[in-house]
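Have a look at the structure below, then the notes.
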Amino acid sequence: MKNFNQFLNKELNEPQKKAVSQKKGSVIVIAGAGSGKTRVITSRIANLIINENELPSSIVALTFTNKAANEMKNRLINFFEAKYSIPFVGTFHSYCLLLLRSNPQLLPYPQFSILDSDDQKSLIKKILKKNGLEKHFSASDLCYQISNYKNRLHTKTDEDVFSNKLLKEIFLAYETEKSMSRCLDFDDLILTVLKILQNNNRFKNSLQNKIKHILIDEYQDTNMVQHELIKCISLSDNKKLNLKSICAVGDEDQSIYSWRGAVATNMLKFQKDFSPVTLIKIEQNYRSVQPILCAANKVISNNKTRTPKNLWSQKKGSNCILSITCRSDHQEASAIAYYLSSLSQKIKLNQIAILYRTHFQSRNIEEELIRHSINYKIIGGIRFYERKEIKDLIAYLRLIVNPFDRTSLFRIINCPPRGLGAKFEELLYKEWNQNTLLNIKQILDYMLTNTQINLSYKKKEALVEFLDLLKKLKQKHKTSEIINKILEKTNYLNFLKKSFDKKDAESKIENVHEFVQSIHDFEKIEKKNSLNMFLEKITLMQEKLENNQDIKNQVLCMTLHASKGLEFDTVIITGLEEGLFPSYRSFTSLKDLEEERRLFYVGITRAKKRLILLRAQTRNIFGQIGEQEISQFSTEIPQDLVQEIEISEFSESKIVTIFKKWQGENKKSVLTFKDFSKLGKTQTKRKNGKEKSPSKQKETSWKKNRLVSHKKFGVGLIKKVKHKDNDTYYITVNFKCGSKTIISNFLNLI
């Protein structure tokens, strides 16, 4: 086909052509960020059909999202121009469902239903209620644990998987209920096909006779079960490839989903399990300017479990990376707003992304953006004051100010659950409509004392407790005291722990702590104990945001995880401090630290033209103001690639001027590296990639909360540093085996 072959010859670089034209055997394509991964995999499919005359039905392409699958299909349609049919292109789950529906005779029951996540939770809730365990376990967390259990290739006979024996009993009850209902959950779709392939050679041989080529996108995101499934489909009993070709495309440097069960080392396992393997590296990047790629390459080179590669680009650039040290987290948010305010009107806000490690960081940023009338949109999440947990707490506060607020009452009367369900709410609504002059406390009192209203003892008990809380909350009290009393009396944080899986619960609890901090911040600024003023501030911010909506031109805010697969002219990464990014949870595990570094790498490689890195010297995290150490990731970027400046003592106008000059709006006054070195009395410099203090005291790389390794004791966390002499220190380190004090010569920084 002339058009497609012209495309092959003109639009692909040499490594891409090699990946596309490899006809037989096992191929792994290490496709770096922005290197045209999707182009390669779709071109390979098209080449097999158009030039190698392979039947579309003999090709299977697997990916992870319907969005990615649809993009691949659309590209194939453009290649084929209706002359060929489209082969199977879809997710692992959709392919396994197709196999099960096509071979019902292989199942214990030919007709089955699929449980979605809501169905799963509902079933587990029934099991918990039946066994009186609903107050001990979260249905969401159990769903998460069961999914992880299955995706790590565990079986029901494994004794060591569930730390709590009750969890195993719940799991077995869940599996029994599913079986009796003839249902499968999403994880079962893949597991069931895997078990059939392992136990039914006739089905396996039949499938291998039909399929000749398999392609897998984003292989770094596969879990253990998916890797085993690919092996079963592709290999014979003597571990030889039984297909014409298998091609895995991915980049272990972008593996950031271990909490979903993804195994970054599957890229390395592929090379072993499907040996001999042709390894092709696609290193030319079509997205970013070279200095940004140099920074990304240098950072990720500190990871050990990876296939080395070196991204490069034909796009040149200078003054591309700016590193800013701020006085506090509030100044960090202000600096972002100042930067966006300084931009030329020609620059589109929707080509700028603000990235943060965790959701709670968005609160300060959102408030500053609103204050400066800068339109923004949260990607993959909800605006801070619109999140469920925040709206719940605001509803409690509003009831104190307005005792007739029905919307707020019905939002929280059974949140956390008090046994006052839908029927009680209907009764309350009916009684209130007949007694419209009564406020909330009065109508609830009325329902308790009216003998004609037949409430159970448990409902009365719950109502008394709720009413007692409302009566104790007074508008004259400090807002911070009120919110703390609400959290304490309702046990709201425990409710979040039990209602959501571990990762979601942690995020929501962080948001609650940040909301409490927003109240403390308000009280410091206003110097008044006005609950009404605090609520008005939130309402006015929301109103201002709605009035300034411009869907086509909004700066995009998201977590670093949500940014994967996206690209922007300018990327702003915030909170580059030890304990925040990398997260404190990664401090005791080299594996987790490497994933955090991959997350930073993903963030850097989203940027096409400019990259801004921010850190705060002090940060208020959940009511604790602490001195912050610069992130080790920041220090891994070579100094000659970054322009560094400390703005803690700078005025708004000076900061805006710096941003304008950095962007080169006035070409005669573009800031150079030399200019940046002169700015500010307290500007910090680095030597050998480490931060150097402006004070005369000698600075050391041995710092509290840094990870170190020891030949005998393994990886540990520094807890104390004491100077010995010259460059030698006594280092107290927490290892798994306990705390040890060791001379620094015997330790290595990680």
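The values are calculated or read from the model by the stated rules, or taken from the named source; none is laboratory data. None of the values given here were measured: they were computed from a predicted structure. Virtual Cβ from ideal backbone geometry, glycine too; neighbours counted across all protein chains shown. Just so you know, the surface numbers come from the protein's heavy atoms only, side chains and all, with ligands and any DNA or RNA stripped out. Shrake-Rupley method; radii C 1.70, N 1.55, O 1.52, S 1.80 Å.
So the check is Cβ under 6 Å with 6+ separation or different chains; which pairs have a first residue in the range 648-666 that's open to solvent by less than 30 Å² (accessible area, probe 1.4 Å) and a second one that's modelled with pLDDT under 90?
W662/L671; G664/V670
List pairs: first residue in the range 94-109 and under 16 Å from A69 (Cα atoms), second residue part of a loop (DSSP other than H, G, I, E, B) and open to solvent by 50 Å² or more (accessible area, probe 1.4 Å) anywhere in the structure, Cβ distance under 9 angstrom, at least six positions apart or on different chains.
Hits for this filter: zero, empty list.
Inside the range 53-73, can you point out the residues that are open to solvent by 60 Å² or more (accessible area, probe 1.4 Å) and not hydrophobic (A, V, I, L, M, F, W, C)? Spell out how you get there, then give the answer.
Of the range 53-73, the ones open to solvent by 60 Å² or more (accessible area, probe 1.4 Å) are 53, 55, 57, 64-67, 70-71, 73.
Listed by number, the residues that qualify are N53, S57, T65, N66, K67, N70, E71, K73.
Out of everything in the range 417-433 that is outside any helix (DSSP H, G or I) and open to solvent by 20 Å² or more (accessible area, probe 1.4 Å), what residue ends up being modelled with the lowest pLDDT? Quick ask: steps written out before the conclusion?
So the first thing to find is which residues in the range 417-433 are outside any helix (DSSP H, G or I), and the list is 417-421.
If we keep only those that are open to solvent by 20 Å² or more (accessible area, probe 1.4 Å) as well, we get 417-419, 421.
On the way: P417: 89, R418: 89, G419: 87, G421: 82.
Filtering the range 417-433 for residues that are outside any helix (DSSP H, G or I) and open to solvent by 20 Å² or more (accessible area, probe 1.4 Å), the one modelled with the lowest pLDDT comes out as G421.
Quick one: count up the residues across the range 551-579 that are within 27 Å of Q290 (Cβ to Cβ), part of a loop (DSSP other than H, G, I, E, B) and not aliphatic (A, V, I, L, M).
Residues flagged as within 27 Å of Q290 (Cβ to Cβ), part of a loop (DSSP other than H, G, I, E, B) and not aliphatic (A, V, I, L, M) within the range 551-579 amount to 5.
Quick one: which of I49, I41, I77 is under 15 Å from A248 (Cβ atoms) and outside any strand (DSSP E or B)?
On the way: I49 fails: under 15 Å from A248 (Cβ atoms); I77 fails: under 15 Å from A248 (Cβ atoms).
Just one listed residue meets the conditions, I41.
Just wondering, is there one or more residues in the range 601-619 that are over 23 Å from S507 (Cα atoms), in contact with a Phe, Trp or Tyr (Cβ under 8 Å, 6 or more places away or on another chain), open to solvent by 30 Å² or more (accessible area, probe 1.4 Å) and part of a strand (DSSP E or B)?
yes
Could you check, for the range 295-311, whether at least one of its residues is more than 26 Å from L593 (Cα to Cα) and either in contact with a Gly (Cβ under 8 Å, 6 or more places away or on another chain) or open to solvent by less than 10 Å² (accessible area, probe 1.4 Å) (or both)? Can you show your working first?
The initial filter retains those residues of the range 295-311 that are more than 26 Å from L593 (Cα to Cα), namely none.
No; the residues of the range 295-311 include none that is more than 26 Å from L593 (Cα to Cα) and either in contact with a Gly (Cβ under 8 Å, 6 or more places away or on another chain) or open to solvent by less than 10 Å² (accessible area, probe 1.4 Å) (or both).
If K17 meets every condition in (1) open to solvent by 50 Å² or more (accessible area, probe 1.4 Å); (2) in contact (Cβ under 8 Å) with a residue 40 or more places away in the chain; (3) not small (G, A, S) apart from one, which number is that one?
Of the numbered conditions (1) open to solvent by 50 Å² or more (accessible area, probe 1.4 Å); (2) in contact (Cβ under 8 Å) with a residue 40 or more places away in the chain; (3) not small (G, A, S), the odd one out for K17 is (2).
Pairs only if they're at least six apart or on different chains, beta carbon under 8 angstrom, first in the range 155-176 and at positive phi, second open to solvent by less than 100 Å² (accessible area, probe 1.4 Å) and modelled with pLDDT under 85; list them, first residue then second.
none
How many residues are touching a strand residue (DSSP E or B) at 6+ places or on another chain (Cβ under 8 Å), free of Cβ contacts under 8 Å to residues at least 40 places away in the same chain, assigned to a strand (DSSP E or B) and not β-branched (V, I, T) when one looks only at the range 735-750?
Matching residues across the range 735-750 total 3.
Out of the residues in the range 491-514 meeting the condition of being assigned to a helix (DSSP H, G or I) and among the acidic types (D, E), tell me which one is least open to solvent (accessible area, probe 1.4 Å). Reasoning before the result, please.
First, pick out the residues of the range 491-514 that are assigned to a helix (DSSP H, G or I): 492-499, 502-514.
Then drop every residue that is not among the acidic types (D, E), which leaves 504, 506, 510, 514.
On the way: D504: 76, E506: 63, E510: 23, E514: 7 Å².
Of everything passing the filter in the range 491-514, E514 is least open to solvent (accessible area, probe 1.4 Å).
Has the range 83-98 got any residue that is in a helix (DSSP H, G or I), out of contact with any helix residue (DSSP H, G or I) (no Cβ under 7 Å at 6 or more places or on another chain) and at pLDDT below 90?
No, the range 83-98 contains no residue that is in a helix (DSSP H, G or I), out of contact with any helix residue (DSSP H, G or I) (no Cβ under 7 Å at 6 or more places or on another chain) and at pLDDT below 90.
Which of the residues spanning the range 29-48 are surrounded by fewer than 24 Cβ atoms within 10 Å (Cβ to Cβ) and over 16 Å from N74 (Cα atoms)?
Hits for the range 29-48 are A33, G34.
If I551 satisfies all but one of (1) open to solvent by 60 Å² or more (accessible area, probe 1.4 Å); (2) modelled with pLDDT under 90; (3) more than 30 Å from T63 (Cβ to Cβ), what's the number of the condition it fails?
(3)
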